[in-house]
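The values are calculated or read from the model by the stated rules, or taken from the named source; none is laboratory data. Every value quoted in this text rests on a predicted model; they were computed, and no experiment measured them. A quick note on method: Cβ atoms are made from the backbone with ideal geometry, for glycine too, and the neighbour counts reach across all protein chains shown.
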């Protein structure tokens, strides 16, 4: 079965299950057709995309139908489509998963929490920040977290990705500089079947344990303990303090609630 056929098969299955669950009334624009149109849309206007897809409905009808489809339906399609992927190439028994963030521009809407304005762009623009897990050898996106650009938190997004998933196979997460964090290391260390390789700064802003290493190639273990508290006793025991972001207030639209891990946690 070709990739497009697999995707259409998953869309049909998820759309039909959702239609039956919600008992939606029939419409000229079905749930399945709406999802296919949204996923396959290019950069044209709604009217142009509807004409290209052969849908004889108005742009307003599409917007109303889209509002009836929750975000989790698209996530279900994404996860089921990934489940259809049978490629399982590994490197020395490890599934290689790269993580990095990127900005995605979207139509301008000053009322949205994705609205960005600064001295270099006084009129403002809208962007979302995407942090995906990408299977390097099998060329498949395993998971992703989307946040408003002004509230981007790549470390929090990776923690959320780790918490969402159960790694049945041994995997290695590979991250560039910017992902070094005691909080992240604690979550990665506790996750079963998960190893990690993260590039860390070697400057004055580096992790204390890394900054102490000599400037030469080496392979060594580092032992330290991290804690969310910063008491006098913690300082005497040389425990590293991990500053966790406060939880989002109730009702806030923020995708990066990373949670708090028990303290202290020893790391190697």
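Within segment 158-194, the residues that satisfy the criterion of being touching a residue at least 40 places away in the same chain (Cβ under 8 Å), in contact with a helix residue (DSSP H, G or I) (Cβ under 8 Å, 6 or more places away or on another chain) and part of a strand (DSSP E or B) are 173, 175. Filter segment 71-124 down to the residues that are in contact with a strand residue (DSSP E or B) (Cβ under 8 Å, 6 or more places away or on another chain), farther than 30 Å from residue 192 by Cβ and not in a strand (DSSP E or B) and list them by number. Passing the criteria: 107, 108, 109, 110, 112, 113, 114. A search for C-beta distances below 8 Å between a residue of segment 117-132 that is at positive phi and any residue that is surrounded by 12 or more Cβ atoms within 10 Å (Cβ to Cβ) and in a strand (DSSP E or B), counting only pairs 6+ apart in sequence or on different chains, returns 124/115; 124/116; 124/117.
Okay, residues lined up against (1) more than 19 Å from residue 156 (Cβ to Cβ); (2) surrounded by 14 or more Cβ atoms within 10 Å (Cβ to Cβ); (3) modelled with pLDDT under 65:
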| position | (1), (2), (3) |
| --- | --- |
| 204 | yes, no, yes |
| 207 | no, yes, no |
| 214 | yes, no, no |
| 231 | yes, no, no |
| 234 | yes, yes, no |
| 242 | no, yes, yes |
